[in-house]
Amino acid sequence: MKFVGPLLGVLLFGLALFALSHFLRNTGVDEILAALEATSPARVALALALTAASYVVLTGYDVLALRYVGRPLPYPTTARVSFVSYAISHNVGMSFLSGGTSRYHFYARRGLSLLDSAKVILFCNLTFWVGFVFLGGAFLTRLALPIPSDTLPIETSRPLGLVALGVGAAALAWVASERGHLRVKGVTLERPSVRIFGGQVLVSSLDWLLAASVVWAVLPLDGYLDVLGIFFLAQILAMVSNVPGGMGVFETVVLFLRPGQDPAVLLAGLLVYRVIYYFVPLAFAVPLLLWRRRNPSERS
């Protein structure tokens, strides 16, 4: 069974490449390059600024997680660990393993036990989904984004949004009940306080909004709300696929949801988005990780 996840990821990646080739069958490389050259420098600058803001907000995941386990650390340390972990996990995928490994490496040096580190990792992963079930559920329900397919059992995003809202309501009821615990991957997580849970909703929602804003900055789509709905669907399917960074899957979903748009222009914008939101942070994170490994005595 342990091979099911990786095999599914390979299968979905292959299907995504096949779908991309279908969408781009009448599109030449020259058209894509021309669309890239036509990208507004102002839009690129805006996307870079929004990406920076997004990664700052991401540090809130670790801040809340460390408070949750009762082991808060100085913010500069927490911010560095968060940035490196998310820059790696965004590109590699399987965030529990990729980002979790770097978190454990850093936090173990700061005195956190293996159990506390595992709780921090799980808390951060769950916080990501908290924002989706509330914010994503609300927008997917409200927008009822059309899904252009005759084979799927749903015609709009509304059923997905309602399911997400139902999960969010159940989570809120559990937190408000002040009893019980959650067991994930062999680790027991105690019920968070209402204050901590509220922080999870706020930080995760801001993270989703800012990440979607980067897509909005570089893609020639309609209004921001339409981009947000598309981003929710594309990002979730990319995450579920377990393909590293959702590469190919995310792009395929966007092209699928906007069949009337020029595929060359869409793909050019998606390439700019991937470079800015994924590769640029990784280019800073890898040297920082290597420097930290070679200087283990540094504690700031």
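Annotations for the structure displayed:
- Residue in the range 32-47 that is touching a Ser or Thr at 6+ places or on another chain (Cβ under 9 Å), hydrophobic (A, V, I, L, M, F, W, C), modelled with pLDDT under 75 and over 30 Å from Ser193 (Cα atoms) present: no
- Cβ pairs under 6 Å, 6+ apart, first in the range 176-202 and under 20 Å from Asp116 (Cα atoms), second in a helix (DSSP H, G or I) and small (Gly, Ala, Ser): Val187/Ala118
- Inter-residue pairs, beta-carbon under 6 Å, first aliphatic (A, V, I, L, M) and in the range 161-173, second surrounded by 14 or more Cβ atoms within 10 Å (Cβ to Cβ), 6+ apart: Leu162/Thr141; Ala164/Val133; Ala164/Gly136; Ala164/Gly137; Leu165/Gly137; Val167/Val133
- Of all the listed residues (Leu152, Leu162, Leu97), the sole one being out of contact with any strand residue (DSSP E or B) (no Cβ under 7 Å at 6 or more places or on another chain), farther than 25 Å from Gly199 by Cβ, surrounded by fewer than 15 Cβ atoms within 10 Å (Cβ to Cβ) and modelled with pLDDT of 90 or more is Leu162.
Conditions tested, residue by residue: (1) surrounded by fewer than 15 Cβ atoms within 10 Å (Cβ to Cβ); (2) within 30 Å of Tyr68 (Cα to Cα); (3) touching a Lys or Arg at 6+ places or on another chain (Cβ under 6 Å); (4) at pLDDT 85 or above.
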| site | (1), (2), (3), (4) |
| --- | --- |
| Glu190 | yes, yes, no, yes |
| Asp207 | no, yes, no, yes |
| Ala212 | no, yes, no, yes |
| Val227 | no, no, no, yes |
| Ala234 | no, no, no, yes |
| Asn242 | no, yes, no, no |
| Gly248 | no, no, no, no |
| Glu251 | no, no, no, yes |
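The values are calculated or read from the model by the stated rules, or taken from the named source; none is laboratory data. On a predicted model such as this, the values are computed, not experimentally measured, just so you know. Virtual Cβ from ideal backbone geometry, glycine too; neighbours counted across all protein chains shown.
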